[in-house]
Amino acid sequence: MRLKEKLQLKSAELYVNTVSRIERQIHGVAMNPFSAALADDPYAVHSGMRETRPIHYSLALRAWWVTRFDRVQEILRDKRFGADVRRYENRTRRFVRNMEAEQLETFNNPSMLDLDPPDHSRLRRLASQGFMHRFVQSLEPRIREIVEACLGRADNEEIIDIVEVLARPLPAIVIAEMMGLPESDHDQFQRWSQDLIDGTGTNDPDRIAKSRQAGRDLRDYFRQIAKVKRQRPSDDLVTRLIAAEESGDSLTETELYNTCLLLLVAGHETTTRLIGNGLHLLLAHPAQLEMLRNTPALIPQAIEEMLRFEPPVLATRRFATEDMDFHGTRFKRGDLIFVSIAGSNRDPRANDAPDAFDITRTDIRQISFGYGIHLCLGASLARLEAKVAFEELLSRYPRISRVDQVPDWGRNPFFRGLNSLRIRVGQGAPPVGD
């Protein structure tokens with residue numbers, strides 16, 4: 001990364017730290033994405049905003065934060081809030097001001113995640129053909145084989161890093177196989193995916209540079225894969241996306257690459273965090289771990305509680321499409337609004353005793369896979385992978401304990417996941433639940 005960019009990032013960090021102190025002095029709460037406290041316990045910050053200022057303006061990010069469950073749901077389904085930044089001239093000029101040609105091309109061709117109807121509706125309709133519920137459920141035997149193979153590679157180990165051994169490779173292998181990608185590329189996918197995500201929400205110039213390179217590499221890779229699939233189509237997701245057509249409409253080349261990249265990275269990263277975060281919670285609550293081991297039928301319900309309590313994604317963004325009054329707050333067209341998944345999932349108006357992890361909780365209200373038209377396409381696949389992973393973990397290891405008592409959380413302010421989770425299994429570990 002160029003020296004000029006590094007200096008700009010350092011200056012931005014100094015600015016954010018300064019205005020965050022002012023923000024806290026004025027309002028008693030601040031959203032500082034570079035804060036170590038936010039990385040260690042994001043819920044204290046998000047819940048603090050929710051109870052003090054449920055619609056809070058962050059000086060540091062120059063954006064609104066909405067943290068109440070009902071308000072967040074309202075924004076995610078209200079047509080007056082959009083995902084496509086390109087609709088707002090002033091904001092677009094600021095976004096593209098320092099972009100290089102390659103970055104500008106990506107900005108001008110967003111994935112469905114950053115699109116509004118009708119473009120979003122069209123892409124989602126075409127892409128969803130590869131995620132039909134019946135097809136996803138048919139993958140369970142193969143997912144179980146992959147889980148068994150991943151854990152089997154650590155059979156002679158007393159201490160294993162469950163993130164490295166299972167949580168990272170499982171979803172990467174599943175989505176890669178669904179897309180018909182070579183097994184020899186699976187490890188590379190994990191590295192590209194992790195580098196891409198690590199470059200968001202950070203001021204580290206090296207991580208940002210690696211993230212940009214990962215994005216370039218992934219797009220180049222999918223260009224080559226698409227070329228091969230057009231010549232030799234097979235029964236896989238990429239071939240289906242190439243062939244997808246409805247009412248004479250199909251994906252353009254750029255839309256195809258971006259959709260493949262989104263499905264690979266989003267499907268991999270979300271499920272990795274769900275499995276790691278979920279096992280961390282069970283180890284921190286041994287009585288519930290024992291209950292789950294004795295009653296595997298509770299696993300789907302436990303997964304919903306894991307998603308609520310430690311969501312893989314902490315927040316997502318929208319833009320006000322027009323000037324409006326929203327529950328006493330004046331939004332202007334183009335205003336950036338972050339909807340807080342971390343804050344809304346722990347809203348006492350939505351869930352009783354929200355700061356307690358309880359796998360017996362019923363009627364769980366959470367939006368960890370989104371809400372409204374942008375509800376995650378791969379949500380059912382992520383739930384299935386997590387279900388099989390926990391079934392196999394609990395049946396395979398009658399004795400299990402954690403090695404590191406201090407969780408190794410990642411520092412990204414928008415994603416929640418463990419860098420590692422070392423567990424002790426076998427005779428050296430106490431029985432599950434001890």
task = Working only within segment 138-159, note down all residues that are buried (at least 20 other Cβ atoms within 10 Å of the Cβ) and farther than 16 Å from R383 by Cα.
result = C150, L151
task = Go through (1) touching a residue at least 12 places away in the same chain (Cβ under 8 Å); (2) over 21 Å from L283 (Cα atoms) one by one and return the number of the condition R399 breaks.
result = (2)
ask   = So V29 fits all but one of (1) at pLDDT 90 or above; (2) touching a Ser or Thr at 6+ places or on another chain (Cβ under 6 Å); (3) open to solvent by less than 30 Å² (accessible area, probe 1.4 Å); what number is the exception?
value = (1)
Close pairs from segment 106-124: first of a type in the set (G, A, S), partner surrounded by fewer than 19 Cβ atoms within 10 Å (Cβ to Cβ) and modelled with pLDDT under 90, Cβ under 9 Å, at least 6 apart = none
ask   = Any idea which residue in segment 32-68 is nearest to G328 (Cα to Cα), counting only those that are part of a strand (DSSP E or B) and open to solvent by less than 60 Å² (accessible area, probe 1.4 Å)?
value = I55
note = Note on A214: of the conditions (1) open to solvent by 10 Å² or more (accessible area, probe 1.4 Å); (2) in contact with a Phe, Trp or Tyr (Cβ under 7 Å, 6 or more places away or on another chain); (3) without any contact (Cβ under 8 Å) to a residue 24 or more places away in the chain, unmet is (1)
query = Can you name every residue in segment 404-419 that is open to solvent by 30 Å² or more (accessible area, probe 1.4 Å), within 18 Å of the chain's Cα centre (by Cα) and not acidic (D, E)?
reply = R411, F414, F415, N419
request  = Tell me, please, whether a residue that is in contact (Cβ under 8 Å) with a residue 12 or more places away in the chain, among the small types (G, A, S), within 27 Å of F95 (Cα to Cα) and open to solvent by less than 20 Å² (accessible area, probe 1.4 Å) can be found in segment 303-320.
outcome  = yes
Strands (runs of 3 or more DSSP E) wholly inside segment 315-367 that include at least 1 residues being modelled with pLDDT under 95, more than 25 Å from the chain's Cα centre (by Cα) and closer than 23 Å to V45 by Cα = none
task = Tell me which of these R191 doesn't satisfy, since it passes every other one: (1) under 17 Å from G410 (Cβ atoms); (2) crowded, with 19+ Cβ neighbours inside 10 Å; (3) among the charged types (D, E, K, R).
result = (2)
query = Checking F135 against (1) at pLDDT 95 or above; (2) open to solvent by 50 Å² or more (accessible area, probe 1.4 Å); (3) over 28 Å from L336 (Cβ atoms), which single condition isn't satisfied?
reply = (1)
remark   = Among residues of segment 321-354 being in contact with a Pro (Cβ under 9 Å, 6 or more places away or on another chain) and farther than 21 Å from R77 by Cβ, the residue surrounded by the fewest Cβ atoms within 10 Å (Cβ to Cβ) is P348
key: Every residue from segment 366-383 that is surrounded by fewer than 20 Cβ atoms within 10 Å (Cβ to Cβ) and of a type in the set (A, V, I, L, M, F, W, C)   = I373, L375, C376, A379
ask   = Quick check, is I162 over 16 Å from the mean Cα position of the chain (by Cα) and open to solvent by 20 Å² or more (accessible area, probe 1.4 Å)?
value = no
task = Confirm whether F95 is within 22 Å of A214 (Cα to Cα), surrounded by 13 or more Cβ atoms within 10 Å (Cβ to Cβ) and at pLDDT below 90.
result = yes
key: Pairs, first closer than 15 Å to A342 by Cβ in segment 62-91, second open to solvent by 50 Å² or more (accessible area, probe 1.4 Å) and in a helix (DSSP H, G or I), C-beta under 6 Å, six or more apart   = none
query = In this structure, is R124 over 19 Å from the mean Cα position of the chain (by Cα) and assigned to a helix (DSSP H, G or I)?
reply = no
message = So the check is Cβ under 6 Å with 6+ separation or different chains; which pairs have a first residue in segment 217-237 that's closer than 12 Å to G180 by Cβ and a second one that's surrounded by 12 or more Cβ atoms within 10 Å (Cβ to Cβ) and of a type in the set (S, T, N, Q)?
response = K229/T239; P233/T239
Segment 390-403, residues that are open to solvent by 50 Å² or more (accessible area, probe 1.4 Å) and touching a Leu at 6+ places or on another chain (Cβ under 8 Å) = R396
request  = Would you mind stating whether E255 is open to solvent by 20 Å² or more (accessible area, probe 1.4 Å) and under 20 Å from E385 (Cβ atoms)?
outcome  = no
request  = Would you mind stating whether E290 is assigned to a helix (DSSP H, G or I) and open to solvent by less than 30 Å² (accessible area, probe 1.4 Å)?
outcome  = no
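Residues are listed down the side, and each one gets a yes or a no for (1) of a type in the set (K, R); (2) exposed (fewer than 14 other Cβ atoms within 10 Å of the Cβ); (3) at negative phi:
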position: I173; (1), (2), (3): no, no, yes
position: G180; (1), (2), (3): no, no, no
position: T200; (1), (2), (3): no, yes, yes
position: D204; (1), (2), (3): no, no, yes
position: K210; (1), (2), (3): yes, no, yes
position: R230; (1), (2), (3): yes, yes, yes
position: V238; (1), (2), (3): no, no, yes
note = Of those in segment 69-92 that are in a helix (DSSP H, G or I) and of a type in the set (K, R), the residue surrounded by the most Cβ atoms within 10 Å (Cβ to Cβ) is R71
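The values are calculated or read from the model by the stated rules, or taken from the named source; none is laboratory data. As the structure is a prediction and not an experimental result, all values here were calculated from the model. Virtual Cβ from ideal backbone geometry, glycine too; neighbours counted across all protein chains shown. Please note that ligands, DNA and RNA were not included when accessible areas were found on the heavy atoms of the full protein model with its side chains. Shrake-Rupley method; radii C 1.70, N 1.55, O 1.52, S 1.80 Å.
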